[in-house]
Structure formats: C-alpha cells, structure tokens
Amino acid sequence: IWGLPILRLPVSQHWDWPVMLLIQYFLLVMVNLLTFSLIERDIDEADRQTSFVRGVGAPTATFVSWLFLFGQLGVGIYAGMHSAGAMVALAEIVYALMTLLLGVLLVFPRYMAERERYRIVGDGAFLLPLLMLLIR
C-alpha cells in the first residue's frame with residue numbers, strides 16, 4: 001500500500017513524514033491484528049490454534065496493543081507538529097479517527113465481540129483513508 005508511493009518520491013524530497021505515516025500505519029495494523037486475536041482467543045483455544053495472545057497471555061497482549069496505540073498517537077502528534085503540508089495534517093486527522101475506533105475495540109471487547117461487531121469497526125477503520133481521496 002505504501003511502498004510504491006514512497007519509492008516514487010523524488011530523491012530531493014524529505015522522507016521524514018512519509019516514513020512517519022508508514023510507521024503509524026504499521027502500528028495501527030498491529031493493534032488491529034492483536035485486538036482481533038484478543039477477542040478471538042477462546043475460539044483459537046478451542047480450535048487449538050497458536051497465536052501471540054495465547055503465547056504471551058491476554059494481559060500482555062492488551063498492554064502491547066495499548067503501547068502500539070499510544071506510540072501511534074505520539075508519532076502522530078510529532079508528525080502533525082513538524083509537518084509543512086495540509087495533506088499530512090489531513091492524514092493525521094484520519095489516523096486519529098482510526099486510532100479512536102481501534103481504541104474502542106480495546107475498551108469494549110465484549111460488546112464488540114457480539115455479532116462480530118469488532119470486524120466491522122476494525123476493518124472499517126482502514127477504510128477511513130478513503131476520506132482523503134474524497135476531500136482532496
């Protein structure tokens with residue numbers, strides 16, 4: 001998703017904000033994967049599937065998820081304060097909304113597990129960058 005646009009940047013282009021956006025996206029993906037795994041841990045256990053959550057335990061996996069989420073916010077705040085363009089600011093707003101939705105999954109896992117709401121919210125969060133195309 002991010003590789004080709006970054007490779008197409010001119011050599012003279014500053015690479016700091018594209019790399020920060022890439023790091024943030026990676027952190028959001030990791031939160032999404034860990035949260036899904038946390039919610040599905042009973043299913044994984046019943047199916048005898050291995051997962052990071054089963055390996056380290058739910059409390060540690062939850063801590064790592066929050067660490068990634070707050071790490072994403074930290075990088076986002078830094079990028080927002082040091083960016084020179086409106087597009088980066090818009091990307092940070094979109095990432096903040098994505099972070100909010102993924103945070104809701106972590107705060108309300110039982111509610112989100114009902115009727116697999118977590119899939120709609122978690123996967124739907126990754127459709128928010130489409131807003132950038134509509135706004136631009």
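Taking (1) under 22 Å from Leu21 (Cα atoms); (2) modelled with pLDDT of 90 or more in turn, Leu90 satisfies each apart from (2).
Just the residues that are free of Cβ contacts under 8 Å to residues at least 60 places away in the same chain and open to solvent by 60 Å² or more (accessible area, probe 1.4 Å), please, taken from segment 70-83. Passing the criteria: Phe70, Leu73, Ile77, Tyr78, Met81.
Yes or no, residue by residue, for (1) in contact (Cβ under 8 Å) with a residue 40 or more places away in the chain; (2) not in a helix (DSSP H, G or I); (3) not polar (S, T, N, Q):
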position	(1), (2), (3)
Phe68	yes, no, yes
Leu102	yes, no, yes
Leu106	yes, no, yes
Arg115	no, no, yes
Leu128	no, yes, yes
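Out of segment 36-64, which residues are over 30 Å from Leu134 (Cα atoms) and touching a residue at least 24 places away in the same chain (Cβ under 8 Å)? Answer for segment 36-64, where residues must be over 30 Å from Leu134 (Cα atoms) and touching a residue at least 24 places away in the same chain (Cβ under 8 Å): Ser37, Leu38, Ile39, Ala61, Thr62, Val64. Would you confirm whether or not segment 52-64 contains a residue that is open to solvent by 70 Å² or more (accessible area, probe 1.4 Å), modelled with pLDDT of 90 or more and hydrophobic (A, V, I, L, M, F, W, C)? Yes, segment 52-64 contains a residue that is open to solvent by 70 Å² or more (accessible area, probe 1.4 Å), modelled with pLDDT of 90 or more and hydrophobic (A, V, I, L, M, F, W, C). Filtering segment 22-51 to residues that are assigned to a helix (DSSP H, G or I) and of a type in the set (Ser, Thr, Tyr) leaves Tyr25, Thr35, Ser37.
Only one of (1) under 29 Å from Val19 (Cβ atoms); (2) free of Cβ contacts under 8 Å to residues at least 24 places away in the same chain; (3) open to solvent by 70 Å² or more (accessible area, probe 1.4 Å); (4) assigned to a helix (DSSP H, G or I) fails for Ala96. Which number is that? Failed condition: (3).
Listed here are the residues, each with its yes/no results for (1) over 11 Å from the mean Cα position of the chain (by Cα); (2) small (Gly, Ala, Ser).
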{"site": "Gly55", "(1), (2)": "yes, yes"}
{"site": "Phe63", "(1), (2)": "yes, no"}
{"site": "Leu100", "(1), (2)": "no, no"}
{"site": "Arg115", "(1), (2)": "yes, no"}
{"site": "Ala125", "(1), (2)": "no, yes"}
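The values are calculated or read from the model by the stated rules, or taken from the named source; none is laboratory data. No experiment lies behind these values; they were computed from the predicted model shown. Every residue, glycine as well, gets a Cβ built from its backbone with ideal geometry; the counts of neighbours run over all protein chains shown. In case anyone asks, the SASA skips ligands and DNA or RNA and just uses the protein heavy atoms, side chains included. Shrake-Rupley method; radii C 1.70, N 1.55, O 1.52, S 1.80 Å.
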